[in-house]
Every structure is written in C-alpha cells, then in structure tokens.
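> Shown below is the structure under consideration.
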Amino acid sequence: MRGWKVVKRVLYTYWFWYSAGVFFVAISSLFQQGPGYMDVAYYTVGGLQIFEGKGFVEPYLWNYLSEPKGLPFPAFTYWMPLPSLLAFFGMWIGRSALFFWAKLPFILLTGLLPVLSVYMARCLLKNPGYAWIAGGLAVIPGIYIIYLPLPETFVPYMIGGGLFVIVAFLANFRWLGNWDSLQRFFLLGLIAGWMHLTRADGLLWLFAAAGIVIGRTYPWNLPDKLRVAIMGTVVLLAGYLVLTGAWYYRNWLFFGGLFPPGNTKSLWLTDYNELYSYPNDHLNFSYWLKSGWEAIFKARVNALGINLQNFLAVQGSVVLVPLILLAIWSRRKLAMVKFGILMWGVILGIMTIVFPFAGSRGGFLHSGAATQIFFWVMAVVGLEQWILWMRKIRGWNLSFAISLFGLFLILVNTGISIWFFQQRVLGGGNDPIWNQSIERYQKVAQRLGELRITNNALGMVNNPPGYYWATRMPSIVIPDGDINHSLAAASKFGASYLLLEQDQENLIDLYQNPKDSSNLQYLETFNNVHIFLVLPRAD
C-alpha cells in the first residue's frame, strides 16, 4: 500500500512526465541519423543556413510557385520558419551542424506533451488520479513516435494547440486573472503567433483567439465591456506581433507585401504533383474549373476519406476513437470541448475542401496535430465515463478497471509505435531504411566528383533539400510534366545535370529506358540513380 502511494506521488510529478517524454523520444531518435524525408530536410537546412551565417536564403528550389529568378532564393516562401529557427538554436548550442543538434530542441520540447496532457486531464477528470493515462499516451504516442524528435512542425504545433486550450479554458491562475483579463488575451496572442510561425494555417488560431475575445466581452452595451473588447483585441494583436512582427517586416522588404507571392496558386491544383509545375502560369481559377465538377468533387471525397483514416489511425490509434466520441458527447456542453471539435472540424474542412491534395498528402496530419493533446485527454475522459457506467451496470471496481484499461490503451499505443517504427525507420535490413536516401545522395555525389561534375554545378533532383543536406550541392526540383518541362527549368536556372530516381513518377518512362536525346546525355546508372548531363538547348 505504501509502495502504491509512492508510485502515485511520482505520477503526480510533472518532472517525471517531462523526463519520460524526453527519454522515450530520445531513444527512438538514435536510429534517425539524418532527415528521412523532404520536410525534415527543408527545416534542417534552413537552420543550417542561419547557423552558417547565410541567413534566410535557400541554396535550392523545391517548387516554382513564387516565380524565382535564380539561386540563392529567399527562404520560407511556402513553409514557415519556426522549425528551422529551433534547429538553428540546437546547432548554436552544440556549436555544430550535426543532425543531432538540429534534433535536440525538438526532443527537449517533446517532454512538454505529457506534461500538458496530464495537466489538462486533471482539470477534466472526475478523479484526477487517472491523469497518468493521458501522460502515458503522450509519452508513447503511436504513429507520431517517428516524427516528434525531428526538425518538423509536429511538436511545436502540438504544444501550441495544447497551451491554447489550457490558457483559454482551463488555467485559472492568479497571474492570468479573470477569463476576460488582458494578460490572458495577450498570452493567447503569443500562442497564436507561435503557431503561425510554425505553419501557415496557424493563422487560424489567431482568428480563434479573436473569437474568444469577442465571446468573452460581448455584448458591448456597457462602457466597461466595450473598453475590455477594444483593449483585449489590441493586446491580442500585440502578443501575436511580438513573435510574427519581424516575419511580416521581412516579407515586406523582400516581396513588397505581408505574405510571399505565389502561394495562392496552390488553391488551383488538380493533382498534387502540379505543386512542382514549371512554368505554372496555368494554375488559376479557370484552369481549375476546366478540370470539371466531377473531378473537383471526387478529389475532395478522396481527401475526406484519407483524412478521416488519418484521424482514425494516427490521432485516435483506432481504439481511442470510441472513447473520444463518448467523451465529446458526455462533455458536449463544456466550452472547451465545443472549441476543440470546432477547430478540428475547421482544419478538416480546409484540408479537405480548400487544399484536398496537400491535405491528403500530409497537410491534415500536420495541421491536426494541434488538437492531439485534446484528443488524448478526451480518450481518458471517455474511458472514465465508460467505467462509471459499467460500475452502475456490472458493479465494476472503478480503480481497478480504469487502471487495467488505461494500461491496455498505453500498450496498444506502444504496439503501434513499435510496428510503425519498424516499418518506417528500421526496415528489414542491417541498416535503418530511414537513412538510406541521404546515404544514396552522398554516394552519388562522390560519383559525380569522379565524373568531374563540380560541387557548385546546379543539378536537378527529386528532393533538393535532402540533396543539399547530404552533399552541400545546389539543385532545383525536377518539375511536373514530361521531360520538356524539366529541360525548360534547366535552361532557365542553368542546371547542368539531372539525377533520375525510380520514384520520379512523371518521368517513369525515361527511368525505365534511359537513353540520350537531343538535350540529354545519359552517362550511367549508379546506385539505382540515372545520371544525365543536360546539354544546351538549340533555342
């Protein structure tokens, strides 16, 4: 009995949960010795550029939406800079550009996920002693296990979403004041700024914060209410601009506007790969409309199905979904629950209707991470509600049943984590498959040197950020379309060689039958990569 009291005392300690969160994700990250996919490489190289004193510029082009003139090009015209700033901070701490130091801030931030989950659960559970289940789900987070330690948007967005809900609806500390206090609104502005610097759709959370200000101060029929509404809006924007003001100023200097140009073209995609189109003048409303209402509708239905599958498998780990739904129904009158479902629904709608291709290819998974802590806590609330009902019906022992089923849920998450980690990181060979793409680029770069292609020669590749991280060589992305589009981009930007990999969908015929043409000279195949020289165009 005394031993259980000691265990309970430990489980109530936030430092325990922070340490557990950091420990497990640090262990999993040991096998991830480089960026495993383009998003991670992009943010890591962004941090590297700052660390090396080169500033907010990119030594590659991974899309052509902003109509670049050449290299280097201003960074973060499509994605936001906070993950790169965190990666830079890690490199600065370690005085090293090793990938470990880029990961370090994210590993340390991961410890906040179980802390926030436990705090939120304690506020909502009838018996706060079972908040440890929410902490366990956050420590061993299922499919998220491979993403949390990486220079990516997942951890900053999860922390931002969890803090937002806590500050807006749960934290009633003296220093935060009343629910309509100016300091609370200022803090919400800071959190919204953090989220917008993490992802472009983080701007939604500023609008959400504005909605809270309006809801807390309306109606404005009294002078005091109107004053609080005006001041609340001002301090909300002030908090937001504390973090984003420099970002807007930079955009104004570089682009003459608050936002980088060209991103609206992504509204008119009819296929995901059109994101890489060159030229891309055709990406407009008329082009989108010509694809036909049937194709437009079908794309959004497909996106909805994929996004709901991601909710089921990733956010809900399958077994959590019924408990989440039960919690939402049983606590449906709580403002926090209404808000959480509203934000998730808005994110789902945007990533299904407005950006169906980007949303179904990972956009919803990234954006929905802001509601993940909310869902973990809702799962535990639903479990408690279910056990309470079963106690009335079957006479279950409340403490034993919740502990047993709570442990079961954590074990399910553990099994999912191990399985997904095996599939995506370790693979079946001796070397982790996670590192193979970077290692392949490194070997190809060595071969290019043997072929007397210099390090400053501009190449065309499938993954320019990953290629630069592996080789420190500049490149542009192989555009969508046939080989003529690639040659047009090569001519525009001065690319002198092309590396063709087997996952280059639009040039699969050339990959299967590599040969010379009037503007391409096939050199050889090395490590399953075809190496072509780009010859000057006759025109």
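> Taking only the range 11-51 into account, find how many residues are under 30 Å from GLY129 (Cβ atoms), assigned to a helix (DSSP H, G or I) and of a type in the set (S, T, N, Q).
So the answer is 2.
> Consider the range 39-73. How many of its residues are among the aromatic types (Phe, Trp, Tyr) and open to solvent by less than 20 Å² (accessible area, probe 1.4 Å)?
Matching residues across the range 39-73 total 5.
> Scan the range 116-132 for residues that are among the small types (Gly, Ala, Ser) and open to solvent by 10 Å² or more (accessible area, probe 1.4 Å) and jot them down.
Hit for the range 116-132 is GLY129, nothing else.
> Still on this structure, please answer the following. Starting from the range 113-140, keep only residues that are in contact (Cβ under 8 Å) with a residue 40 or more places away in the chain, then list their pairs with residues that are hydroxyl-bearing (Ser, Thr, Tyr) whose Cβ atoms are within a distance under 6 Å, requiring at least 6 positions of separation or different chains.
VAL115/TYR14; VAL115/TYR18; ALA134/SER117; GLY135/SER117; ALA138/SER117; ILE140/THR414; ILE140/SER417
> Would you mind telling me which numbered condition in (1) buried (at least 16 other Cβ atoms within 10 Å of the Cβ); (2) closer than 26 Å to TYR157 by Cβ VAL228 fails?
Among (1) buried (at least 16 other Cβ atoms within 10 Å of the Cβ); (2) closer than 26 Å to TYR157 by Cβ, the lone unmet condition for VAL228 is (2).
> Test of understanding: among TRP205, TRP175, which residue is assigned to a helix (DSSP H, G or I), farther than 22 Å from VAL319 by Cα, at pLDDT below 95 and not basic (Lys, Arg)?
Working: TRP205 fails: at pLDDT below 95.
Residue meeting the stated conditions: TRP175.
> Would you say GLY36 is in contact with a helix residue (DSSP H, G or I) (Cβ under 6 Å, 6 or more places away or on another chain), at pLDDT below 95, of a type in the set (Gly, Ala, Ser) and crowded, with 20+ Cβ neighbours inside 10 Å?
Taking the combined requirement at face value, the residue satisfies it.
> Can you give me the ranges of the strands (runs of 3 or more DSSP E) entirely in the range 452-534 with at least 1 residues that are farther than 15 Å from TRP62 by Cα, aromatic (Phe, Trp, Tyr) and open to solvent by 30 Å² or more (accessible area, probe 1.4 Å)?
In the range 452-534, 520-526 are the strands (runs of 3 or more DSSP E) which contain 1 or more residues that are farther than 15 Å from TRP62 by Cα, aromatic (Phe, Trp, Tyr) and open to solvent by 30 Å² or more (accessible area, probe 1.4 Å).
> Can I ask one more? Filter the range 92-115 for residues that are in contact with an Asp or Glu (Cβ under 9 Å, 6 or more places away or on another chain) and open to solvent by less than 10 Å² (accessible area, probe 1.4 Å) and give the result.
Initial filter on the range 92-115 (in contact with an Asp or Glu (Cβ under 9 Å, 6 or more places away or on another chain)): 97, 106.
Of everything in the range 92-115, just one residue is in contact with an Asp or Glu (Cβ under 9 Å, 6 or more places away or on another chain) and open to solvent by less than 10 Å² (accessible area, probe 1.4 Å), namely PHE106.
> Let me ask something else. Would you check if GLY349 is open to solvent by 20 Å² or more (accessible area, probe 1.4 Å), of a type in the set (Gly, Ala, Ser) and closer than 27 Å to GLY415 by Cβ?
No.
> While we're looking at this one, here's another question. Quick check: anything in the range 411-423 part of a loop (DSSP other than H, G, I, E, B), open to solvent by 10 Å² or more (accessible area, probe 1.4 Å) and of a type in the set (Ser, Thr, Tyr)?
Within the range 411-423, not a single residue is part of a loop (DSSP other than H, G, I, E, B), open to solvent by 10 Å² or more (accessible area, probe 1.4 Å) and of a type in the set (Ser, Thr, Tyr).
> For the range 278-294, what are the residues that are on the phi < 0 side of the Ramachandran plot and either of a type in the set (Phe, Trp, Tyr) or open to solvent by less than 50 Å² (accessible area, probe 1.4 Å) (or both)? Steps first, please.
Of all residues in the range 278-294, those on the phi < 0 side of the Ramachandran plot come to 278-291, 293-294.
Hits for the range 278-294 are TYR278, ASN280, LEU283, PHE285, TYR287, TRP288, SER291, TRP293.
> For the condition touching a residue at least 40 places away in the same chain (Cβ under 8 Å) and either open to solvent by 10 Å² or more (accessible area, probe 1.4 Å) or out of contact with any strand residue (DSSP E or B) (no Cβ under 8 Å at 6 or more places or on another chain) (or both), what is the one hit in GLY177, GLY189?
Every option except GLY189 fails the conditions.
> What pairs can you find where one residue is in the range 244-268 and in a helix (DSSP H, G or I), the other is charged (D, E, K, R), and their Cβ atoms are less than 6 Å apart, with a gap of 6+ or different chains?
none
> Let me ask something else. Consider GLY21 carefully, then state whether it is among the small types (Gly, Ala, Ser), at pLDDT 95 or above and within 21 Å of the chain's Cα centre (by Cα).
Here the answer is yes, as GLY21 does meet what is asked.
> Determine, yes or no, whether SER437 is under 30 Å from PRO68 (Cβ atoms) and polar (S, T, N, Q).
Details: under 30 Å from PRO68 (Cβ atoms): yes; polar (S, T, N, Q): yes.
It is true that SER437 is under 30 Å from PRO68 (Cβ atoms) and polar (S, T, N, Q).
> LEU197 versus (1) in contact (Cβ under 8 Å) with a residue 40 or more places away in the chain; (2) in a helix (DSSP H, G or I); (3) over 30 Å from PHE76 (Cα atoms): which is the lone unmet condition?
(3)
> Also: If you check GLY349, GLY359, GLY368, which single one turns out to be within 18 Å of the chain's Cα centre (by Cα), without any contact (Cβ under 8 Å) to a residue 24 or more places away in the chain and under 22 Å from PHE207 (Cα atoms)?
Among GLY349, GLY359, GLY368, only GLY349 is within 18 Å of the chain's Cα centre (by Cα), without any contact (Cβ under 8 Å) to a residue 24 or more places away in the chain and under 22 Å from PHE207 (Cα atoms).
> Right, next: Can you find a residue that is farther than 30 Å from ALA295 by Cβ and open to solvent by 30 Å² or more (accessible area, probe 1.4 Å) anywhere in the range 257-269?
Yes; the residues of the range 257-269 include at least one that is farther than 30 Å from ALA295 by Cβ and open to solvent by 30 Å² or more (accessible area, probe 1.4 Å).
> Consider the range 140-158. How many of its residues are open to solvent by less than 10 Å² (accessible area, probe 1.4 Å) and among the hydrophobic types (A, V, I, L, M, F, W, C)?
Final tally of qualifying residues: 6.
> How do the pairs read when you match residues in the range 398-421 that are free of Cβ contacts under 8 Å to residues at least 60 places away in the same chain with residues anywhere that are open to solvent by less than 20 Å² (accessible area, probe 1.4 Å) and acidic (Asp, Glu), using Cβ under 8 Å and keeping only pairs 6 or more apart or on different chains?
Filtered contacts from the range 398-421: no entries.
> Please specify each residue of the range 362-386 satisfying the condition of being open to solvent by 10 Å² or more (accessible area, probe 1.4 Å) and closer than 9 Å to TYR157 by Cα.
Of everything in the range 362-386, just one residue is open to solvent by 10 Å² or more (accessible area, probe 1.4 Å) and closer than 9 Å to TYR157 by Cα, namely HIS366.
> Which count do you get for residues in the range 238-256 that are open to solvent by 80 Å² or more (accessible area, probe 1.4 Å) and in contact with a Gly (Cβ under 9 Å, 6 or more places away or on another chain)?
So the count comes out to 2.
> What's the number of the condition THR217 fails, among (1) out of contact with any Ser or Thr (no Cβ under 6 Å at 6 or more places or on another chain); (2) open to solvent by less than 20 Å² (accessible area, probe 1.4 Å); (3) closer than 26 Å to LEU82 by Cα; (4) hydroxyl-bearing (Ser, Thr, Tyr)?
(3)
> Here is a follow-up. I'm trying to understand the selection: among the residues of the range 317-327, which are without any contact (Cβ under 8 Å) to a residue 60 or more places away in the chain, under 25 Å from the mean Cα position of the chain (by Cα) and open to solvent by less than 40 Å² (accessible area, probe 1.4 Å)?
VAL321, ILE324
The values are calculated or read from the model by the stated rules, or taken from the named source; none is laboratory data. Model, not experiment: these values are computed from the prediction. For neighbour counting, all protein chains shown are included, and Cβ atoms are generated from backbone atoms with ideal geometry for every residue, glycine included. To get the accessible areas, we keep the full protein, side chains included, count just its heavy atoms, and leave off ligands, DNA and RNA. Shrake-Rupley method; radii C 1.70, N 1.55, O 1.52, S 1.80 Å.
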